[in-house]
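Reviewing the structure listed below.
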Amino acid sequence: MNSASNVPSVAAVDWGTTRLRVWLVDEAGKILAERRGDDGLITAQAAGFSIILEGHLAAIGAPEAMPVIICGMAGSRQGWLEAPYVTVPAPIGAILAGAARVPGQRRDIRIVPGLAQRQADAPDVMRGEETQLAGAGLPAKGRHLVCMPGTHSKWVLVEDGAVAGFGTWPTGELFSVLAAHSILRHSLGEQPQPVSSGNPFFRRWCEQALAEGGDVTSRLFSIRAAGLLQDLKPDDAAACLSGLLIGGEIASASHRYRKGTASVVLIASGALGALYTEALGLAGLAVRAVDADEAVRAGLIEAARKNGMIDGSGAAA
């Protein structure tokens, strides 16, 4: 264990499809430096994962032999190394401890595995979100429902520190596809402005989806009709679509998981976090908000501890 503070001991990396984030961490779990880039999985497949990682590490002064812990799409089948899925139910700590080592590297580089739900009627997978779960500060006991919104929103049921099950709602992807490749493109226009949680159209259409138990398909064409008959503006049409899809997601997930939970842990950041906070409130659900960036950092630090890269007794910063 390093006796001096502010000495980098491990690099923590969140490696997504399009983006990459790297943090230098000391033995106590304190963040010493940060670097972000647009060279995610897609870029790394062509340029080389090791080359990209070493470039970022050199830029923030990482020692040559310093270990690296990674989560996200670098561990996918198309990534650097396929880190085998851990089948749920599984304790969160055990998931982190099973990080797969990348062979043939001068550093100790490990990738946190994703999760697989192998139920015949509800197969599902996740990569990266398991690390956010680990850093969300969930109580060790009890039943907790977690929402992690995004392109593919994840809802996770955690019981006594273990992932009991989860589901994926591709809400963000549906918005993009409908906005660009359906009849609604005429209503939303080419570049609608980001939706605000205070937009009354977002609230109204979210409430409609919640009231109807998540049935959104019957209302999608109404957005187009409102543009033709009621002069609905493109930005408000985008708010309608966002409210409808997010409300539908929450209604559906609540039906599946809410029983026995008093609140929802929302792991999100920025404008998306604000939209989901508003929508969950409209659904009558209490929310405990956790910043997604802070959660993934804390989860990676915990993974570094579980894999012996830094001392296991420290507290995450």
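Overview of results
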quantity	calculated
Subset of the stretch 51-80 (residues that are closer than 17 Å to residue 24 by Cα and in contact with a Phe, Trp or Tyr (Cβ under 8 Å, 6 or more places away or on another chain))	70, 71
Boolean, residue 90 is surrounded by 14 or more Cβ atoms within 10 Å (Cβ to Cβ), more than 18 Å from the chain's Cα centre (by Cα) and under 18 Å from residue 166 (Cα atoms)	yes
Search result, residues across the stretch 179-211 that are outside any helix (DSSP H, G or I) and closer than 16 Å to residue 244 by Cβ	182, 183, 184, 192, 195, 196, 197, 199
Search result, residues across the stretch 15-56 that are of a type in the set (Gly, Ala, Ser), more than 22 Å from the chain's Cα centre (by Cα) and within 19 Å of residue 79 (Cα to Cα)	46, 47, 48, 50, 55
One residue from 233, 259 being basic (Lys, Arg) and either within 17 Å of residue 152 (Cα to Cα) or modelled with pLDDT of 95 or more (or both)	233
Qualifying positions in the stretch 129-153 - touching a helix residue (DSSP H, G or I) at 6+ places or on another chain (Cβ under 7 Å) and not aliphatic (A, V, I, L, M)	130, 131, 132, 135, 147, 149, 150, 151, 152, 153
Boolean, residue 128 is touching a Lys or Arg at 6+ places or on another chain (Cβ under 9 Å) and either outside the structural domain of residue 31 (by TED's automatic domain parsing) or under 27 Å from residue 252 (Cα atoms) (or both)	no
Filter pass, residue 296 being part of a strand (DSSP E or B), under 20 Å from the mean Cα position of the chain (by Cα) and buried (at least 19 other Cβ atoms within 10 Å of the Cβ)	no
When residues of the stretch 116-151 are limited to those that are aliphatic (A, V, I, L, M) and surrounded by fewer than 24 Cβ atoms within 10 Å (Cβ to Cβ), the one farthest from residue 295 (Cα to Cα)	120
Near pairs, Cβ below 6 angstrom, 6+ apart or cross-chain, from the stretch 36-53 (assigned by TED's automatic domain parsing to the domain that holds residue 102 and in a helix (DSSP H, G or I)) to any residue that is surrounded by 14 or more Cβ atoms within 10 Å (Cβ to Cβ) and acidic (Asp, Glu)	52/39
Set 110, 101, 118: member being among the basic types (Lys, Arg) and touching a residue at least 40 places away in the same chain (Cβ under 8 Å)	110
Matching option when the condition is under 24 Å from residue 282 (Cα atoms), in a helix (DSSP H, G or I), of a type outside the set (Asp, Glu) and touching a strand residue (DSSP E or B) at 6+ places or on another chain (Cβ under 9 Å), among 150, 167, 172	172
Criterion: more than 30 Å from residue 160 (Cβ to Cβ) and touching a helix residue (DSSP H, G or I) at 6+ places or on another chain (Cβ under 6 Å) - qualifying residue of 39, 108	39
Conditions (1) out of contact with any Asp or Glu (no Cβ under 6 Å at 6 or more places or on another chain); (2) charged (D, E, K, R); (3) farther than 25 Å from residue 158 by Cβ: number failed by residue 311	(1)
Any chance residue 238 is of a type outside the set (Ser, Thr, Tyr), in contact (Cβ under 8 Å) with a residue 40 or more places away in the chain and more than 17 Å from residue 280 (Cβ to Cβ)	yes
Filter pass, residue 256 being among the basic types (Lys, Arg), in contact (Cβ under 8 Å) with a residue 60 or more places away in the chain and in the same structural domain as residue 15 (by TED's automatic domain parsing)	no
Members of the stretch 234-275 that are acidic (Asp, Glu) and over 15 Å from residue 211 (Cα atoms)	235, 236
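One line per residue, one yes/no per condition, for (1) buried (at least 16 other Cβ atoms within 10 Å of the Cβ); (2) on the phi < 0 side of the Ramachandran plot; (3) not assigned by TED's automatic domain parsing to the domain that holds residue 241:
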position	(1), (2), (3)
154	yes, yes, yes
158	yes, yes, yes
164	yes, yes, yes
177	no, yes, no
200	no, yes, no
213	no, no, no
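The values are calculated or read from the model by the stated rules, or taken from the named source; none is laboratory data. Bear in mind the structure is a predicted one, so any value in this text is a computation, not a measurement. Methodologically, a virtual Cβ is constructed for each residue, glycine included, from the backbone with ideal geometry; neighbour enumeration extends over all protein chains shown.
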